[in-house]
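The values are calculated or read from the model by the stated rules, or taken from the named source; none is laboratory data. As the structure is a computational prediction, the values presented were derived from the model and not from experiment. Here the Cβ positions follow ideal geometry from the backbone for every residue, glycine too, while neighbour counts run over all protein chains shown.
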Amino acid sequence: MRIDVVSIFPQLVAGFLEASLLGAALREGRVEVSVTDIRDFAPDRHRSVDDAPYGGGDGMVLRCEPTVAAVESVVGPGSRVLALGPRGRPLDQVGVRELAGLDHLVLLCGRYAGFDERIIELTGARELSIGDYVLAGGEVAALVVIEAVTRLLPGVVGNPVSPEQDSFSDGILEFPVYTRPREFRGHAVPEVLLSGDHAAIARHRRAESLRLTRQRRPELLEKIDLTEEDREILRELDHERARRTDERR
Ligand code: ADE
């Protein structure tokens with residue numbers, strides 16, 4: 001996979017790329033990431049890349065000439081151009097998986113008050129948001145996309161089965177995990193995890209995932225197909241909760 005980041009702060013992106021899992025993936029050639037500086041495409045001597053909005057308003061708008069030229073310098077026939085900004089379609093794990101299947105991503109980072117709308121029109125960019133909050137620019141959002149996508153590429157995470165166990169990969173939250181010691185400051189690891197009974201462990205973990213999801217993100221349960229066993233687990237959790245409420249009365 002190839003990823004091109006197009007930004008007016010290329011140094012912000014470059015530093016991060018050296019780190020952790022991603023750095024190793026880059027060194028091993030599993031993914032190739034390049035950063036293009038929009039300023040290199042500025043038409044004037046002052047290398048200006050932004051200007052005040054027509055019609056008035058706060059902030060500065062990223063100009064079309066250098067930005068479109070910068071994007072055009074990296075796109076090819078199979079590229080997916082994504083413009084990062086808070087009004088884009090929200091990214092989720094399903095979207096991340098789709099992006100991980102593509103050959104070439106172009107991540108266009110906005111700054112200030114946004115992009116001149118013609119940048120979106122002329123580059124065919126799809127707008128993408130990483131959440132309902134506003135960052136100062138798209139660079140950190142681009143890094144979020146890069147990290148979420150590259151960790152799904154074959155061989156990037158040490159244990160190749162682990163991404164499938166993540167929160168959201170089957171639409172619900174991940175169950176709690178434990179490692180040694182068995183007991184720490186009076187907090188013990190759930191007994192079933194030490195039992196060696198794989199079926200019981202799988203059921204316990206599924207129950208914990210369902211319990212956490214219902215507690216924290218109930219809307220996720222509406223979106224997935226629950227199995228008959230899931231429904232049974234949820235009924236048991238209901239009974240447990242009712243029992244505890246009775247006990248407290
Ligand atoms: N740039 C500013 N805010 C953003 C957001 N929420 N997602 C992606 N890019 C952004």
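A few remarks follow.
- Of the strands (runs of 3 or more DSSP E) entirely within region 69-135, those holding at least 2 residues that are crowded, with 21+ Cβ neighbours inside 10 Å and in contact with a Lys or Arg (Cβ under 8 Å, 6 or more places away or on another chain) occupy 79-90, 104-109.
- Conditions (1) assigned to a helix (DSSP H, G or I); (2) more than 30 Å from Asp92 (Cα to Cα); number of the one not met by Asp238: (2)
- Residue satisfying condition, being of a type outside the set (Lys, Arg) and either in contact (Cβ under 8 Å) with a residue 12 or more places away in the chain or outside the structural domain of Gly137 (by TED's automatic domain parsing) (or both), within set Gly78, Gly56: Gly78
- Any hit, region 65-88, residues being within 11 Å of the ligand (Cβ to nearest atom), under 30 Å from Arg27 (Cβ atoms) and at pLDDT below 95: no
- Condition check for Leu108: modelled with pLDDT of 95 or more, more than 30 Å from Ala207 (Cα to Cα) and within 16 Å of the ligand (Cβ to nearest atom): yes
- Scan region 51-68 for residues that are outside any helix (DSSP H, G or I) and under 18 Å from Val35 (Cα atoms) and the total you get is 1.
- If you filter region 136-148 down to residues that are part of a helix (DSSP H, G or I) and more than 18 Å from Gly101 (Cα to Cα), you find that the one that is nearest to the chain's Cα centre (by Cα) is Ala141.
- Count - residues of region 130-144 that are among the aliphatic types (A, V, I, L, M) and either on the phi > 0 side of the Ramachandran plot or in contact with a strand residue (DSSP E or B) (Cβ under 6 Å, 6 or more places away or on another chain) (or both): 3
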